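Here is the structure we will look at, set down as structure tokens.
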Amino acid sequence: MELYLDNIVFTIQKAGGVSVYWYELIKGIHDSGLDVHFLNTRSSSPNIFEQKINYNNFRCIRESSIPSRCLRYLPLQRKLPEAAVFHSGYLRVSPQQNVVNILTVHDFAHERKLATPFPRGLANTTQKAYGLKRADGIICISESTRKELLHFYPATADKKIKVIHHGIADDFYPADKSRPPVCTLPLDLQQTYILYVGARNKYKNFKVAIATMQQLPEHYRLVVVGGEPWGMQETEQLETLLPGRYQLLPVVSSADLNVLYNYAFCMLYPSVYEGFGFPPGEAMKAGCVVVSSNFTAIPEVVGQAGVLVDRAEPAAFAGGIRKLENAQYKQQMIDKGLKQAEMFTWQKTVQETLAFYQDCWNHKFLK
């Protein structure tokens, strides 16, 4: 079984959840001993995950001279050997009949009109519809995503779909708090802070996070990590609504982020839509309680190990945070979170993906 993996996602993102998924997947698959080829690789890449890859150890193929900004929306342009398996990091499939196409679906934000507007939203949904029709096997990253797939594309054969959850990186773990923390950030870890991690736009509900903080006592501070660049209007709003009660950390290493999770009072994740949701998983794995909404894939990832509210409103989130002032209850949530996080490993993701490749190949060529 020859395997062709398309690294086009690294030309689309500089970072992001899909890049994390694809990097961890190809890293694990390369170590599997399979006959693997890579398409659309870049030795000098702005993507922070592709920068970690030494392509000298890989067999790399240039797919086409078409610029990647256009190629990302096209079916595979290179002919593959008969009975090869093709899997792309972002929604692409081969038009060949004699290969196995594997498609990973992360979410349906475009179909819900929660993501990029027209015309890119239309391009995404059109590409996804074509890929779903051509795919021999479809990976959904959560049961929530699988249900949405069958809602938006009901003609899709359920037997082609496999739910394979993401893993959570081993970079996140409970720290030994008997020793002074090693942290490069300008932050007093002894203060009572609530951690917000990731993007802030649209359904991520960052404005609700600010409003939640306004309902909490002033000794609670908000620490915001990562996300898109800050605009002047956004920072002025923060200063107006939470004067002296916030800190912005746009770029944080994994090691420092693990420290932030460990010393946070909790992580507030007010998003109302996720295909999976890395930050809640990371937080639980580091021993940080998650306060979030009870929507889409979030309860699937967090389970009974976090404080999930049925109304994504400031009062509900603030009430959930105040519950954690009970030390015994908080410790129970920490313990549950550590156990819940054990369900999500990249080793498991890779093993299930490889098994799915083989199942799809067997179904197509060993009938």
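Where a number appears in this text, it was derived from the coordinates with a stated rule and is not lab data. Everything numeric in this text was worked out from a predicted model, so none of it was measured. Because the Cβ atoms are built from the backbone with ideal geometry, glycine has one as well, and the counts that use them run over all protein chains shown.
Here is the size of segment 193-341 from its Cα atoms: Rg then Dmax, 14.0, 41 Å.
With a cut-off of at most 16 other beta carbons within 10 Å, and DSSP calling the residue loop, which GluC sites (Glu not before Pro) in segment 312-367 qualify? Please list them.
Qualifying residues, ordered by number: Glu325, Glu342.
Here the gap between Glu239 and Thr192, fully extended at 0.36 nm per residue and compared with their Cα-Cα distance, gives a gain of 15.1 nm.
Subtracting the Cα-Cα distance from 0.36 nm times the residue separation, let me have the gained length for Glu228 to Lys207 in nm, one decimal.
Values: separation 21, 0.36 × 21 = 7.56 nm, distance 1.45 nm.
Computed gain between Glu228 and Lys207 is 6.1 nm.
Using +1 at the Cβ of each Lys and Arg and -1 at the Cβ of each Asp and Glu in the chain, identify which of Ala155, Leu257, Gly16 lies farthest towards the dipole's positive end. Positive-end residue among those listed: Ala155. Within the straight-line cut-off of under 16 Å between alpha carbons, the lysines reachable from Lys159 are Lys133, Lys147, Lys364, Lys367, sequence neighbours fewer than 8 places apart in one chain being disregarded. Within segment 179-249, the GluC sites (Glu not before Pro) that combine a DSSP coil assignment with at most 14 other C-beta atoms in a 10 angstrom radius are Glu218. Modelled spin-label separation between Asp335 and Ala199, with each label point placed 7 Å from Cα along the Cα-to-Cβ direction: 3.7 nm.
What's the local net charge at Ser144, with K and R +1, D and E -1, over the other residues with C-beta under 9 Å away? Spell out each step's value before the answer.
Details: positive: Arg146, Lys147; negative: Asp107, Glu143, Glu148, Glu274, Glu300.
Once all neighbours under 9 Å are counted, the net charge is -3.
At a Förster distance of 25 Å, what's the computed FRET efficiency of Glu342 paired with Val163, Cβ-Cβ distance as r, to 0.05?
Efficiency for this residue pair is about 0.90.
Taken over the chain, the percentage of Cα pairs per 20 Å bin, counting from 0 up to the bin with the maximum distance, is 28, 55, 17, 0. Packing, as the average of other Cβ atoms within 10 Å across residues, places the peptides 119-130, 243-254, 282-293, 179-190 in the order 282-293, 119-130, 243-254, 179-190, highest first. Charges were assigned to the Cβ only: +1 to each Lys and Arg, -1 to each Asp and Glu. The resulting dipole of segment 193-341 about its Cα centre is roughly 280 debye.
In percent, how large is the relative contact order of the chain, given Cα pairs closer than 8 Å and 6 or more residues apart?
15 percent
The lysines whose alpha-carbon is closer than 26 Å to the alpha-carbon of Lys323, local same-chain residues fewer than 8 away aside, are Lys177, Lys204, Lys207, Lys285, Lys336, Lys339.
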